[in-house]
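Q: Okay, here's the structure, questions in a sec.
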Amino acid sequence: MIGRGKNKTYDTIGKAYKVDNPQYELSPYQRLDYPLRPQRTVVQFNSTYMELVDMWDCIRGEIVWSQIVILCPVSFGLGTFSYMIFLEISRNSFGFFVVFLCIMTAIVFGLLYVLLRRLSRELFTYTYFPVRFNRKNGKVYVMGVDKQVETYDWKDLKIHMQTDANAPWDVRCCDVDDNGIIQRTFSLPFRYLDVDEVLYGHFEFVKRYMSTKDDSEVAEVASSIRYIFPVHQRKETFKESVQRSLFDYHSQFMNIEYPEKSIRLDWLFIISIPFWFLKLLGRRLSVLTCTTPHFPFEVDVECDIDPNDTFDLNKNPPVPELIKPATVLEKVFYVIMMVVATLASLSILALIIDIIGAMRPHGDYPSMVDKLWYLIGLGWLS
């Protein structure tokens, strides 16, 4: 949730700018000898500006499914507890019942308020929060979760790598005043579990673009991009949702521009299928309920593109077939994945129910797993 609140705050805003380890501090123009790593974050690319997704795009859908999963047992427990208390109180007096009803109503509305506030990070908002880097005027335009646009001077930013509690490392860009106090902050989209070559490579990708002085340097940056994610014109497709929900399963996130080399659908993925399935469903729900963001007219004027720009990768995608609709074979593959994920999720749910039943006294209950597979296996037809 870092930086994702409606008040657009990071926990470091208003505090003195300080980097604990000097090796984590970065310069907007110092060249680093690391391979450029776009990491499938590019929405638009041309010789005037480059637009990237926000740093929460790779985990979009997790808030939706996690809050719903948390809500189910909480609601069950609260309902059971309420019923037991109700039976006890109803034996005493009507007055106690009224007080109990008021308290439980307040608790329910409180839970709903917290749930809706969290879900609003992913539902009924923007499909992504663009970060646009204009190399010609040296400006960075960032659309926050409050849907307001902030403008930064790239050359004046204080940049470093930072991690927060239970969160991956990200490249944090800070606007610091003359007294050394952080006024505003945004992060580059790619995050990683540790300070590694790939995180430096992602910063180098952005920094190299903002440092370009001629077409040959722009061409060097453009050559590192294989995927264009044109969600500024449309919502992401189901194919793209599947691909992006699988980012957690790429080997060390080394270069996910080449998923045929980096993705590992191994035993770890098989175990995690129900969680991937929930994340995918959450992501699709988020995409379907959100709208496409657009920068204000004055920002688009400052980012005017030459119609004949040879580096406009949205008109001339590096690998055109990557942004084409899913083929018949791909659709069959996605259907199989969905079926397997559904069966795995239902089986785990049935197993949990069986375990709970076995723990209860006199728990001689029919097996839900057996009943589920009896139904799936069409045993009822014999």
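Q: So the check is Cβ under 8 Å with 6+ separation or different chains; which pairs have a first residue in the stretch 37-57 that's open to solvent by less than 10 Å² (accessible area, probe 1.4 Å) and a second one that's part of a loop (DSSP other than H, G, I, E, B) and among the small types (G, A, S)?
A: P38/S224; M55/G3
Q: Inside the stretch 213-306, counting only helices (runs of 4 or more DSSP H) that do not spill past its ends, which hold 1 or more residues that are among the basic types (K, R), free of Cβ contacts under 8 Å to residues at least 12 places away in the same chain and open to solvent by 10 Å² or more (accessible area, probe 1.4 Å)?
A: Because the criterion is at least 1 residues that are among the basic types (K, R), free of Cβ contacts under 8 Å to residues at least 12 places away in the same chain and open to solvent by 10 Å² or more (accessible area, probe 1.4 Å), the helices (runs of 4 or more DSSP H) in the stretch 213-306 that meet it are 259-262.
Q: Turning to a different aspect of this structure: Please go through the stretch 186-204 and give me each residue that is in a helix (DSSP H, G or I), closer than 15 Å to M55 by Cα and either of a type in the set (F, W, Y) or in contact with a Gly (Cβ under 8 Å, 6 or more places away or on another chain) (or both), ordered by number.
A: Passing the criteria: only F203.
Q: How many of the residues making up the stretch 312-353 are open to solvent by less than 40 Å² (accessible area, probe 1.4 Å) and charged (D, E, K, R)?
A: Counting residues in the stretch 312-353 that are open to solvent by less than 40 Å² (accessible area, probe 1.4 Å) and charged (D, E, K, R) gives 1.
Q: Residues to consider are V99, V108, V114, V145; find the one that is within 14 Å of R184 (Cα to Cα) and either touching a residue at least 40 places away in the same chain (Cβ under 8 Å) or not aromatic (F, W, Y) (or both).
A: V145
Q: Return yes when E330 is in a helix (DSSP H, G or I) and under 20 Å from V42 (Cα atoms) and no when it is not.
A: Spelling it out, it is not the case that E330 is in a helix (DSSP H, G or I) and under 20 Å from V42 (Cα atoms).
Q: In the stretch 191-210, what residues are open to solvent by 10 Å² or more (accessible area, probe 1.4 Å) and modelled with pLDDT under 95?
A: R191, Y192, L193, D194, V195, D196, E197, Y200
Q: Still on this structure, please answer the following. Could you grab the pairs with beta carbons closer than 6 Å, sequence gap of 6+ or different chains, first residue in the stretch 318-333 and under 18 Å from I228 (Cα atoms), second one surrounded by 14 or more Cβ atoms within 10 Å (Cβ to Cβ) and hydroxyl-bearing (S, T, Y)?
A: These pairs meet every condition: L322/Y227.
The values are calculated or read from the model by the stated rules, or taken from the named source; none is laboratory data. For clarity, every value in this text was computed on a predicted model and none was experimentally measured. Glycine gets a Cβ as well: all are built from the backbone with ideal geometry, and neighbour counts include every protein chain shown. Heads up: the accessible areas ignore ligands, DNA and RNA and are worked out on the full protein's heavy atoms, side chains in. Shrake-Rupley method; radii C 1.70, N 1.55, O 1.52, S 1.80 Å.
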